[in-house]
Amino acid sequence: LEPTIAGLTASLLTLFDLDRTFYVPAKVQSKLALGAWWWGFIAANGAAAAALYAIVKDIQALQGMNPVLKAIVIGVGYLAIIRAKFTTFNIQGREVPFGLEALYEGAKGFVYKRINSIAKAARFSETMDLAAKEPLAALATRAKLNIEQDALLAPEDKRRAKAWVLNVLQDRDATELDKRAAVADFILSGQRSGE
Amino acid sequence: MEQYTFTSDELVVFSAISINEGATVYELTTATRLTPSEVLDAARALNQRNLVRLVADRRVVELTKEGQHLRLLMEHQRRQPFSSSSSAPIVVISDEDTGKNAARKMVEKLNPQELDFALETELQRLEQEAGQT
């Protein structure tokens, strides 16, 4: 039971991280591939945490701890343990730390790149669909309402977001479709800003 | 080391493009808070210098090999600003404000009440235009 608890805990944390990192529209062309990368990465992290439980469960720092609590601690600490440097090698007189972090980060980058590629294509389709469906005035009104109702935006952020919407509407050199798509992307992306 | 001269619009657009995945013009517009035509102008200027390519009917911007190389150099310099091998800046900003930039910056300086009024007026104008067609 304990390895399963450690695995489930690490899986949940991985799910939260994926959810925080990617916005994936409901309509995705490669749904099967997305599901395979998404749930496969979660399952792989869970399995790795369960295996790690078997390896570290008997270390002194965890002795005497309730087994279920111990499993949760290992599940939560799974990434920290992966990132820890286990040993150091002496190469040409220099101490070089060694751990599994590079391997983990490489695997994570590999999976995230593929998820991002699928999510990006879906977001682009969603943006163009919305831009084609609604007139500019309706999109801009929706963007303005979104800004005003967003409780997480500070007053200065709201002012800047509205200024941006106004600037897009008044952009004389942009086509109607470009303006609509820009406002649609703003609505769908939850007003994220690079600043 | 070669030095690149960018306008501030070109620099924010260039920095906002994902190094491996590229970005749509609309994502760049949202991320940089520039207008669509400013993003397209900056992307075209970067394209002429072989730093980006425009694909998918000019709606997607991707870094070229040279663009990726420059981004990695900039990233390296940002992380180690005082390292001796990278003490000279790779990117220099030369800003000549175009009329378009000036208009955008004026709007950005409006206070909330002025902004609400201007936005409401613009929305009414758009609705009237839509009603006429």
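Can you run down the residue pairs with Cβ atoms below 6 Å, 6 or more apart or on separate chains, where the first is in region A:62-75 and crowded, with 18+ Cβ neighbours inside 10 Å and the partner is part of a loop (DSSP other than H, G, I, E, B)?
Close Cβ pairs satisfying both conditions: none exist.
Can you pull out the helices (runs of 4 or more DSSP H) entirely within region B:1-50 that have at least 1 residues that are among the small types (Gly, Ala, Ser), more than 8 Å from chain A (Cβ to nearest Cβ) and buried (at least 19 other Cβ atoms within 10 Å of the Cβ)?
Working: elements: B:8-16, B:25-32, B:36-48.
By residue number, B:36-48.
Please return the ranges of helices (runs of 4 or more DSSP H) entirely within region A:130-195 where 1 or more residues are closer than 19 Å to B:Asp41 by Cβ and at the interface with chain B (Cβ under 7 Å from one of its Cβ atoms).
A:155-169, A:176-188
Would region B:74-88 turn up any residue that is part of a helix (DSSP H, G or I), modelled with pLDDT of 85 or more, away from chain A (no Cβ under 12 Å) and exposed (fewer than 14 other Cβ atoms within 10 Å of the Cβ)?
no
Quick check on A:Gly7: is it part of a helix (DSSP H, G or I), surrounded by 13 or more Cβ atoms within 10 Å (Cβ to Cβ) and modelled with pLDDT of 85 or more?
Here the answer is yes, as A:Gly7 does meet what is asked.
Among the residues of region A:46-61, are any polar (S, T, N, Q), at pLDDT below 85 and either open to solvent by 50 Å² or more (accessible area, probe 1.4 Å) or more than 19 Å from the chain's Cα centre (by Cα) (or both)?
yes
Which of the residues belonging to region B:115-126 are charged (D, E, K, R) and over 26 Å from the mean Cα position of the chain (by Cα)?
Here is the first cut: in region B:115-126, the ones charged (D, E, K, R) are B:116, B:120, B:122, B:125.
Passing the criteria: B:Glu120, B:Arg125.
The values are calculated or read from the model by the stated rules, or taken from the named source; none is laboratory data. Bear in mind that the values here come from a model prediction, so they are computed numbers and not experimental data. Don't worry about glycine lacking a Cβ; one is built from the backbone with ideal geometry, like all the others, and counts go over all protein chains shown. Ligands, DNA and RNA are stripped out before the accessible areas are found, and what is left, the full protein with its side chains, is counted by its heavy atoms. Shrake-Rupley method; radii C 1.70, N 1.55, O 1.52, S 1.80 Å.
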